[in-house]
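Shown next, in structure tokens, is the structure this report addresses.
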């Protein structure tokens, strides 16, 4: 799938600052950005430059200090915490560098957690979660705990969890950061295939140039300021 | 998903589940055992007290007699039964006296109907406590009648009635004084009063048809000491009574409150106390009514002593009393401290668990879980842990109670110089008046202290068990609230950032 003209994110004058030990730290400074449906974007930059903060803003995990950010026409900055939770549950899928699986739940149950807020019946949850695991090649590991899976397998479970609810956008924070090169390539192939086949918008924060060059659009962020590469 | 997630957390995080559950369980077990000990000790106290005035009696009304000059006297000058049979140097006498028990005043028995009209009363009865003294023997005609030394009387009180034989020779008389305590019982039937604290060892108890007849129940100890059996006779004031039953205390007390029980109307006629009684026994429908009932009774009987079980319990001493004090003070505070420690332990452990799971909750928030769902999950987990703790605590507690009951420690209790109706009297009988015999040895109300040995039996009450479960769940609620507050305050971003 390729980029469309339909706007997914519209960001204007986005600023995020923190008060850290009495000092005002600016994580994002006056960021303007438009992201279209079907984009495959990489965001690179030095540590502490604001990559993860931007990703959190895109995912509605945090609110901006000023500026606006809309997802499919809905302004995230004005939403209540419950409204943001609802938006996240329906529209946004997250993939984390450290996988962030619930250690006490099996692979299948971990995938199911993404469907819990949607009020889907347990039978449907199970069916859809198994299908999602199958799509990442892990149907045979459904009953395994995260501790019984390799790093690559855990990340594939995390991808299945992010995809099972058919989100509009997949936000990946260093999705291959904890993986070896061979596994990294496997994960990237899965992500690219999903992006192509499911009409997803994929936004990745990465330090890895090999990952970044797979993206169709590359952004750089340093000192809170965004620029195109 | 809620239950699946909850059960997985409890099973997978065994260490936390076990530690918090055990902490709560120990606290709950202690509460159960202390409560059971309290119930057991109260029961033991009730047994001791019921041995004095009957099971089921909540309040007693009695009146201390106004001391009169002269006291009880035998008249050796008159004719009739007391007339001396002349011999060269001695006169032989045989006299029976039947008087209201020492230290007891009398009431009009018709006031019982006023008592029965009071609201909140489940039963009431009246008795007439009497003291029978018999004198048999001879005294020198040429000298003054010798009065038994009062200090001798006091020094050897028998618990079951008996006799004093005065030494002869040296010009002194040779005589015997026997005494027994008699109690007139309302045979129309009541579940309160002295006979509610006894078992019929042989024969039968009173029936309504026994009213105004010469039948008697005899205390087992007294019967044994005097070789009395059912079908035999006892003599009171020269009147023969047929023994229809032998009764024994059903508590730890060795004896019942009197030696002989006869129908109330018979006792009143025999003692010349028609329409009079010495004691009222009242049972309340509810323990919460006792204080107000006491006030009402005090209005009906101004100047009388109105006592409840708790008043009488204060007169108990011995290891039973010590155990009671221990449970009420040390046990209570120990329970409170252990509960607080358990709560703090559960709270801190839960809080520490939340800290370890910040990433987990941040991830769940990121994928769309609301704070309310996460709060519910945390509360569910801590309440489940508490429920396990409560269950273990109940099991430990019940085992603890079982073990204590297995060894059944004995406690002794002494009712110090007190009549069974709460009047502390200045110790025993005696204090002879000139020319009069104050009464023979026997178990008089107001006589020397009586000791009871009771086995401590810890009792479990449903309410105590429910309270223990409630406390455990409260602990879980407390810990869960602490944890849930921490988790809900976290924004998803800060939760995920803290991991990074």
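The values are calculated or read from the model by the stated rules, or taken from the named source; none is laboratory data. Please read these numbers as outputs of a predicted model, since none were measured by experiment. Every residue, glycine as well, gets a Cβ built from its backbone with ideal geometry; the counts of neighbours run over all protein chains shown.
Where helices (runs of 4 or more DSSP H) sit wholly within the stretch B:216-319, those with at least 3 residues that are modelled with pLDDT under 80 occupy B:309-313. Of all residues in the stretch B:457-495, count the ones that are within 14 Å of chain A (Cβ to nearest Cβ) and part of a helix (DSSP H, G or I). The total comes to 7. Of the helices (runs of 4 or more DSSP H) contained entirely in the stretch A:112-212, those carrying at least 3 residues that are within 14 Å of chain B (Cβ to nearest Cβ), on the phi < 0 side of the Ramachandran plot and more than 14 Å from the chain's Cα centre (by Cα) fall at A:122-135. Does the stretch A:54-65 include one or more residues that are in contact with a helix residue (DSSP H, G or I) (Cβ under 7 Å, 6 or more places away or on another chain), within 14 Å of chain B (Cβ to nearest Cβ), free of Cβ contacts under 8 Å to residues at least 24 places away in the same chain and not in a loop (DSSP other than H, G, I, E, B)? Yes, there is a match, as at least one residue in the stretch A:54-65 is in contact with a helix residue (DSSP H, G or I) (Cβ under 7 Å, 6 or more places away or on another chain), within 14 Å of chain B (Cβ to nearest Cβ), free of Cβ contacts under 8 Å to residues at least 24 places away in the same chain and not in a loop (DSSP other than H, G, I, E, B). With the condition kept exactly as written, say whether any residue in the stretch A:69-78 is assigned to a helix (DSSP H, G or I), modelled with pLDDT of 90 or more and within 13 Å of another protein chain (Cβ to nearest Cβ). No, every residue in the stretch A:69-78 fails to be assigned to a helix (DSSP H, G or I), modelled with pLDDT of 90 or more and within 13 Å of another protein chain (Cβ to nearest Cβ). Scan the stretch B:340-354 and give yes if some residue there is touching a helix residue (DSSP H, G or I) at 6+ places or on another chain (Cβ under 8 Å), touching a residue at least 60 places away in the same chain (Cβ under 8 Å) and within 14 Å of chain A (Cβ to nearest Cβ), otherwise no. Yes, because at least one residue in the stretch B:340-354 is touching a helix residue (DSSP H, G or I) at 6+ places or on another chain (Cβ under 8 Å), touching a residue at least 60 places away in the same chain (Cβ under 8 Å) and within 14 Å of chain A (Cβ to nearest Cβ). Could you say whether any residue in the stretch A:100-108 is under 28 Å from residue A:49 (Cβ atoms), outside any helix (DSSP H, G or I) and either without any contact (Cβ under 8 Å) to a residue 12 or more places away in the chain or within 14 Å of another protein chain (Cβ to nearest Cβ) (or both)? Scanning the stretch A:100-108, I find at least one residue that is under 28 Å from residue A:49 (Cβ atoms), outside any helix (DSSP H, G or I) and either without any contact (Cβ under 8 Å) to a residue 12 or more places away in the chain or within 14 Å of another protein chain (Cβ to nearest Cβ) (or both), so the answer is yes.
Residue-level check: of (1) touching a helix residue (DSSP H, G or I) at 6+ places or on another chain (Cβ under 7 Å); (2) surrounded by fewer than 20 Cβ atoms within 10 Å (Cβ to Cβ); (3) at pLDDT 90 or above, residue B:182 misses just (2).
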